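Here, each number is a calculation from the coordinates, and none is a lab measurement. Predicted model only: the values in this text are computed from it and were never measured. A quick note on method: Cβ atoms are made from the backbone with ideal geometry, for glycine too, and the neighbour counts reach across all protein chains shown.
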Amino acid sequence: MWGGRFAEGPSSVMREINASIPFDKALWRQDIAASKAHAAMLGACGIVTAEDALAIERGLDTVAGEYAASGVPEDWDLEDIHMVTESRLAELIGPAAGRLHTGRSRNDQVATDFRLWVRDALDEVDGALAALQAALVTRAGEHADSIMPGFTHLQTAQPVTLGHHLLAYYEMLRRDRSRMADARRRLNESPLGSAALAGTGFPIDRDMTAQALGFDRPTANSLDAVSDRDFALDYLQAATQCALHLSRLAEEFILWASQPFGFVRLPDALSTGSSIMPQKKNPDAAELVRGHSGRITGCLVALTVTMKGLPLAYSKDMQDDKPPVFEAHGLLGLSLAAMTGMVADATFNTARMRQAAELGYATATDLADWLVRQADIPFRQAHHITGAAVKLAESRGVALNALSLADLQAIDGRITDAVFAALSVEASVAARASHGGTAPAEVRKRVAEARGALGLE
């Protein structure tokens, strides 16, 4: 490829460190598509003959068929997917293959291929996110009335509905999809035709190749085009945020499936057993999702540090841009599939959830609110009165609504028997009907909106 400049070939170490074909062969579909677009443009612009352009196109189709059937051969002497493909093309069609590289460089070629790959990855992730959202919305609709404890600091706070809790993750994923869409919009410019770094002297038509590959426009600066990897970092940043959300959901399923909680029974298909303890049903899929978030974050850090301080334009460091993106994408896809199956097929123990909501004095805020509304007591004073009531109930080992009216009036004489209507967990969740609140009626509204947004109606 570049032997005319060198008297000797590379050492075995140089050959190994320099070759990227073991991982960049994953770009073969994008490389074929970009090469076909480039060849068609060269022919249309009269830079190569129509006969050569047609021969190149047909030859590339043959190469693509071989790759699809048998995989991409790993020839380390040819270094990368671009030269492996060009070499095979030359075997098939002869000298005309050498005209394919007119007006381009491997620098703009790999930048184009990688953008196309990341764009496809973003589309895949968006579909997987939508599937998980659909599972969450479906289960939220089933459990709009199912009461469970809401937590802060992992301590019982206020009663909520399971439907409301699941919809919280729908909202996280909605933001994840927005970040993925933003990343896709920014990357959708074509570097092809930027050549090595300065553009080319051939009268190419960059708009033609951009349109053929589905880009919105060609990039505006050739130096930036060949050295930009913001699109890969954008993807990794969005993937990392998504993985953090999946990890939080996985952690909750892990906790809920434990015997002290007993809120959920996970599907057998996403659980494992123990080699020594026959009773065990371990939430391994959820634990691996939680673990994958660390690896995906590591991929973001790896590429961030690789790109730090690189001068314009292309540097060989940037060959290391693809492995972290490929790894993160694979892990994210597995994590999304696992959590989608878990949400869809888990069995929720709603009786246990309701019981837990009653045990933690979760309606204490409702007592304070009742004192504010019905007795016209300032909230801070109502908070103090309620705290005394909780202390009394705790000392007796009973729920708040198990205290007698006499007990409550001994704390504050302004309390009447009307307070008991506000102290049940059902009354508590029903009262929180503000927009975005946990009231069953409000949850059903949000479920209907979400189903509409997802096209499930």
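Observations on the model:
- Contour excess over end-to-end distance, with Cα ends at ALA344 and LYS308 and 0.36 nm allotted per residue: 8.8 nm
- Compared with the dominant principal axis of the Cα atoms in the chain, helix 322-345 is inclined by about 40°.
- Three-way shape call for segment 12-102 based on the alpha-carbon gyration tensor, with the a/c threshold at 1.5: prolate
- Taking the charge dipole of the chain about its Cα centre, with +1 at Lys and Arg Cβ atoms and -1 at Asp and Glu Cβ atoms, the residue from GLN355, ALA64, ALA210 reaching farthest to the positive side is GLN355.
- Between 0 and 90°, nearest 10: helix 364-375 axis offset from the chain longest Cα axis: 60
- Estimated at 0.36 nm per residue, the fully extended path between ALA181 and ALA453 surpasses their Cα-Cα distance by 96.4 nm.
- Seen against the Cα atoms of the chain and their longest principal axis, helix 350-359 is set at about 60 degrees.
- Near the amide H of GLY150, within less than 5 Å, lie the amide hydrogens of ALA157, GLN158, VAL160, all on another chain or at least 5 residues away, with H placed in the peptide plane.
- Calculated [θ] (222 nm, deg cm²/dmol) that DSSP helices of n ≥ 4 give over the chain, each run adding -39,500 (n - 2.57): -20500 deg cm²/dmol
- Length gained on full extension, ALA69 to ARG174: 34.0 nm, using 0.36 nm per residue less the C-alpha separation.
- Between segment 406-456 and segment 6-76, the Cα center-to-center distance that results, in Å: 63
- Neighbourhood charge, 10 Å Cβ-Cβ cut-off, centred on ALA389 and excluding it, Lys, Arg +1 and Asp, Glu -1: -2
- Prolate is the label for segment 359-454, because the ratio a/c of its alpha-carbon gyration tensor axes (a ≥ b ≥ c) is 1.5 or higher and a/b is greater than b/c.
- Trypsin sites (Lys or Arg not before Pro) within segment 211-319: DSSP coil, no more than 15 neighbouring Cβ in 10 Å: LYS280, LYS281, LYS308
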